[in-house]
1. Mind giving me the FRET efficiency for residue 184 and residue 97? R0 is 30 Å, r the Cβ-Cβ distance, nearest 0.05 is fine.
2. Using Stokes-Einstein with the Kirkwood hydrodynamic radius over Cα pairs, what translational diffusion coefficient do you get for the range 119-187 at 25 °C and a viscosity of 0.890 mPa s, in µm²/s rounded to a whole number?
3. Mind checking the full-extension length gain between residue 171 and residue 56? Use 0.36 nm per residue of separation minus the Cα-Cα distance, one decimal, nm.
4. Convex hull volume of the Cα atoms in the range 1-113, per residue, in Å³?
5. Across the range 45-187, how large is the tail of the calculated P(r) beyond 25 Å, expressed as a percent of all Cα pairs?
6. What is the Cα convex hull volume of the range 68-135 when expressed per residue in Å³?
7. Obtain the nm distance between the two label points defined at residue 12 and residue 69 by a simple spin-label model: each point lies 7 Å from its Cα along the Cα-to-C-beta direction.
8. How large is Rg/Rh for the range 104-146, to two decimals, with Cα atoms and a Kirkwood Rh?
Amino acid sequence: NGTFVAVSATTTGLTRVMTSPDGVNWTPRTATEANSWQSVTYGNGLFVAVAITGTNRVMTSPDGITWTARSASEANAWYSVTYGNGTFVAVSADATNRVMTSPDGITWTARSASEANQWYSVTYGNGLFVAVSGNGTNRIMTSPDGVTWTARSQPSLGLWTSVTYGNGLFVAVAGAYGFTMSSRDGI
């Protein structure tokens, strides 16, 4: 929406958001709570951020400047959030239900992950949500709707921490071993 938005896990006070019109000049903004904010996305006219700590682990903003606290479906460590196919999807590294979905970024519903892994990142592309984890047997899971997830095998047992989609390709990186993996279909 013409604005870059970044969130911070730590800082002094509530200044845990910053915005930029050009990606060069940044302005600090006030978060709703001094949470460990991990990820922010944009969709359907709304910025949505998730955190691994705090009372309200979701916050939303129409402009990236003024934020409103929202309740997550569960008090999990929410590491990543994305938007696709009219749905916000967040993944967690702990607790029972490690996925939550929302049609509007405000009201969230708990969902079951394919496996009880530490899910660190989720992205959307080519009609598919893809998430990666740092542990477990199958460290990739996919979903067409964010609700029903299917476990997928990975080419190596890296500590997969981030996944993204662009130019027809899903790409994931592993922090501990320097591995990368890519897929045309996410499967």
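The values are calculated or read from the model by the stated rules, or taken from the named source; none is laboratory data. Since we're looking at a predicted model, the values are computed, not measured. Please note: Cβ atoms are built from the backbone with ideal geometry, for glycine as well, and neighbour counts cover all protein chains shown. Please note that ligands, DNA and RNA were not included when accessible areas were found on the heavy atoms of the full protein model with its side chains. Shrake-Rupley method; radii C 1.70, N 1.55, O 1.52, S 1.80 Å.
1. Between residue 184 and residue 97 the formula returns 0.50.
2. 211 µm²/s
3. Result: 38.3 nm gained on full extension.
4. Once divided by residue count, the hull of the range 1-113 is 87 Å³.
5. It works out to 22 percent of all Cα pairs.
6. So the per-residue Cα hull volume is 78 Å³.
7. 2.3 nm
8. Using Cα coordinates only, the ratio equals 0.98.
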